[in-house]
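Single-structure report; data block below.
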Amino acid sequence: MINEIEQVALRAARAAGRIHLKRLSRINISRKSNSIDLVTEADRESEAAIIEVIHRAFPTHAILAEESGASAHQSDHRWIIDPLDGTTNFAHGYPQFCVSIAYERRGRVQFGVVFDALKKECFIAQRGQGARLNGKPIRVSTTPNLCAALLGSGFAYDRRERRRFYLCFWEEIMMRAQGIRRSGSAALDLAYVAAGRIDGFWEFGLRPWDVAAGAILVDEARGCVSNMDGRELDLAGANIVATNGRLHDQLIEAIAQARPEADRRHAEMLHETKASA
Ligand code: IPD
Ligand code: CA
Ligand code: CA
């Protein structure tokens, strides 16, 4: 069964990748929840193509997809799909975006693929079988501590409303790490942790489709994935820390250190906004 899952997932990812490349030169943008949350025809078209491939092979499986939501029916088998992760990059022609597809059985992700069509990089992981990039095994980095680490992070679409909260963590971690990157694709950030290109990643406010495939990649590349408190990752829980394992506790500790001040500054901002309304 899992081989068939892999074949179908790869077929679906490649179909999405072809649409990304075709649409890249003629981008048609509209806006979702607010003025910074975009959706392009590439998002919608690639999602439809992915779902068609999956449905043809497994008509009874459930689906959770970013643009079309959750299937009405329940199943032990569920596919979690971000048809285009890095939409803002895509819309600007900035070459950092991908498709992310995960397959979950009875609530546990068993397979994940993150495919960057532009760079022709296909990251896959199967539970218990390791992680691969274009067929070659990958491993997380061996960077021993935070001060030698290159980290990734990002901001959710409520970043204007919660800017002081999010920036507090950047401030704290900037003082402790070697560098921080904001790539604009959480799925690729996680794939890069798995491949040892960055040593760790944290982000608040993510959705299951942003992290489902990337989290199994990190797990299977012998890294460590958790929520912000260091406890087991809950895909619905929105917050993720993923590292090479060696510096996990240090990153969790830095986040915990910044938290009270982040909460205080956010509350202060809400107060100011109310007062000026
Ligand atoms: C976004 C990207 C970005 C992250 C945002 C996500 P989208 O996904 O992964 O890196 O910072 O939180 O929502 O909208 O491009 O699919
Ligand atoms: Ca996404
Ligand atoms: Ca998306």
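Going by the conditions given, is Pro208 surrounded by fewer than 24 Cβ atoms within 10 Å (Cβ to Cβ) and in contact with a strand residue (DSSP E or B) (Cβ under 7 Å, 6 or more places away or on another chain)?
For Pro208, the condition - surrounded by fewer than 24 Cβ atoms within 10 Å (Cβ to Cβ) and in contact with a strand residue (DSSP E or B) (Cβ under 7 Å, 6 or more places away or on another chain) - is met.
Look at the range 217-269 and say how many of its residues are loosely packed, with under 14 Cβ neighbours inside 10 Å and either assigned by TED's automatic domain parsing to the domain that holds Arg132 or of a type in the set (A, V, I, L, M, F, W, C) (or both).
3
Give the residue, chosen from Arg182, Arg176, Arg160, that is modelled with pLDDT under 95 and away from ligand 3 (no atom under 16 Å from the Cβ).
Working: Arg182 fails: modelled with pLDDT under 95; Arg176 fails: modelled with pLDDT under 95.
Exactly one of Arg182, Arg176, Arg160 is modelled with pLDDT under 95 and away from ligand 3 (no atom under 16 Å from the Cβ), namely Arg160.
So which of His92, His77 ends up being within 16 Å of ligand 3 (Cβ to nearest atom), free of Cβ contacts under 8 Å to residues at least 40 places away in the same chain and more than 14 Å from the chain's Cα centre (by Cα)? Please lay out each step first, then the result.
On the way: His77 fails: within 16 Å of ligand 3 (Cβ to nearest atom).
It is His92.
Can you tell me which residues in the range 56-98 are open to solvent by 70 Å² or more (accessible area, probe 1.4 Å), in contact with a strand residue (DSSP E or B) (Cβ under 8 Å, 6 or more places away or on another chain), modelled with pLDDT of 95 or more and not in a loop (DSSP other than H, G, I, E, B)?
Arg78
Between Phe165, Phe169, Phe155, Phe115, which is among the aromatic types (Phe, Trp, Tyr) and more than 20 Å from Ala238 (Cα to Cα)?
It is Phe115.
The values are calculated or read from the model by the stated rules, or taken from the named source; none is laboratory data. Bear in mind the structure is a predicted one, so any value in this text is a computation, not a measurement. Cβ atoms come from the backbone with ideal geometry, glycine included; neighbour counts cover every protein chain shown. For accessibility, only protein heavy atoms count, side chains too; no ligands or nucleic acids. Shrake-Rupley method; radii C 1.70, N 1.55, O 1.52, S 1.80 Å.
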